[in-house]
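Undergrad: Quick one: this structure, given as structure tokens, is what I'll be asking you about.
The values are calculated or read from the model by the stated rules, or taken from the named source; none is laboratory data. Quantities reported herein were computed from a predicted structural model and do not represent experimental measurements. As a convention, Cβ positions derive from the backbone with ideal geometry for all residues, glycine included, and neighbour counts pool all protein chains shown. Ligands, DNA and RNA are excluded from the accessible area calculation, which covers all protein heavy atoms including side chains. Shrake-Rupley method; radii C 1.70, N 1.55, O 1.52, S 1.80 Å.
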Amino acid sequence: SGVKKRFGIEGNLIILVTALLWSTGGVLIKFIPWGSLSIASLRGLIGVAVLLGFRLLRRRRGKAGPVRFTRFNVAAGAAMFSTSVLYLTANKLTTAANAIVLQYIAPILILLYTAIVQKRRPTRAEILLTVLVFVGCVLAFSDKLSTNGLLGDCIAILSGFCFAALILLSRNEKTQAEDGQIIGCGMCFLFCLPFLLTDHTIAFAPQNVGAMLALGILQYSLPSILFAKGVKMTHPVAASIILTVEPIMSPIWVFLFLGELPGTMAIVGFVLVISAVTLQSLIPLLHRHKPGNVEPIG
């Protein structure tokens, strides 16, 4: 459209809330005694139901149309599906710490993509904050990283590439991010359904059902809606940095609910990442006070 929009603090805050909700996945998945791909299928089913219900309400108000299966929407959905399945698989083959820290090479990948492909020169602040986030992640899990599970580590790195692709594709002007989320949830449900149907560990005890509903609604569906909205209002480098709150908060929720205490280096890592994310969130607010500083989203 050629219309310039300012990268506001609102989009950063929406992405921050998204990351906080996503971060509850670790403790919920740990609590549910089912196979990871079975969980992925059920989570996808709940996600499709909630997102389609939300879309139906918007259609009745004349604010949305049917789901569009364009190549960009399908690509975004495939990136969402791949990120989820690869991450869950990596958790089975390597340590959870390795899986999450290797997935969060995404900020580095996005910074490189915007610099090489989009010919956008990153600012010193973006470079510094991206490096700070990566160092913080490594420190946060340095006491748990191991050399075992090479296959799982490689799969976790692939999930990082898919996560970066999800952010970039969802933010593309040709992508309807909400449609991509619905397609991604549908892929998770359908492609992982065979694992669900053959999983003998499934037991629908009340606590398991409650945790599964929380995982499907609060950890998956609601943040999917927020992500689709917030990613359009935030630069991809900023979004990837802020989303790093997810792997940092995940062990904190585990500590609060399951009593696992992080080590000293982990706490240092938490402080570094939270500081970097806070600074990244405040940059647009400080930017507003400089006359003539307006960045286009497209």
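Undergrad: Name the shape class, rounded, prolate or oblate, that the alpha-carbon gyration tensor gives for segment 25-172, where a ≥ b ≥ c are the square roots of its eigenvalues, rounded holds for a/c under 1.5, and otherwise prolate holds if a/b is larger than b/c and oblate otherwise.
TA: Numbers: a/c = 2.27, a/b = 1.21, b/c = 1.88.
Verdict is oblate for segment 25-172.
Undergrad: Using alpha carbons only, how many angstrom separate the centre of segment 197-218 from the centre of segment 56-124?
TA: If we compute the Cα centre of each part, the gap is 25 Å.
Undergrad: Local charge sum around Asn208 (other residues, Cβ-Cβ under 14 Å, Lys/Arg +1, Asp/Glu -1)? Show your work: numbers first, answer last.
TA: Numbers: positive: Lys30, Arg43; negative: Asp199.
Local net charge: +1.
Undergrad: Just the number, please: carbon plus sulfur as a percent of the accessible area of segment 56-210, 1.4 Å probe, no ligands or DNA/RNA counted.
TA: Working: 5530 of 8200 Å².
In segment 56-210, the share of accessible area belonging to carbon and sulfur is 67 percent.
Undergrad: In nm, give the distance between the simple-model label positions of Gln207 and Cys154, each being 7 Å from the Cα along the Cα-to-Cβ direction.
TA: In this crude label model, Gln207 to Cys154 measures out at 3.9 nm.
Undergrad: Report the local net charge at Trp22: Lys and Arg +1, Asp and Glu -1, summed over other residues whose C-beta lies under 14 Å from its C-beta. Don't jump to the answer; show the numbers that get you there.
TA: Details: positive: Arg43; negative: Glu246.
For residues surrounding Trp22, the net value is 0.
Undergrad: A follow-up question, please. Suppose R0 equals 30 Å; then what is the FRET efficiency for Leu190 and Arg58 from their Cβ-Cβ distance, rounded to the nearest 0.05? Walk me through the numbers before you get to the answer.
TA: Details: r = 24 Å, r/R0 = 0.80.
Computed FRET efficiency for Leu190 and Arg58: 0.80.
Undergrad: Checking the a/c ratio against 1.5 first, then a/b against b/c, what shape does the Cα gyration tensor give for segment 23-66? Walk me through the numbers before you get to the answer.
TA: Working: a/c = 4.94, a/b = 2.85, b/c = 1.73.
Prolate, since a/c reaches 1.5 and a/b exceeds b/c.
Undergrad: Can you pull the one-decimal nm distance between simple spin-label points at Arg71 and Glu173, each 7 Å off the Cα toward Cβ?
TA: Output for this residue pair reads 1.8 nm.
Undergrad: Turning to a different aspect of this structure: Could you order Val50, Val271 by accessible surface area, starting with the largest, using a probe radius of 1.4 Å?
TA: On the way: Val50 50, Val271 85 Å².
So the residues, ranked largest to smallest area, are Val271, Val50.
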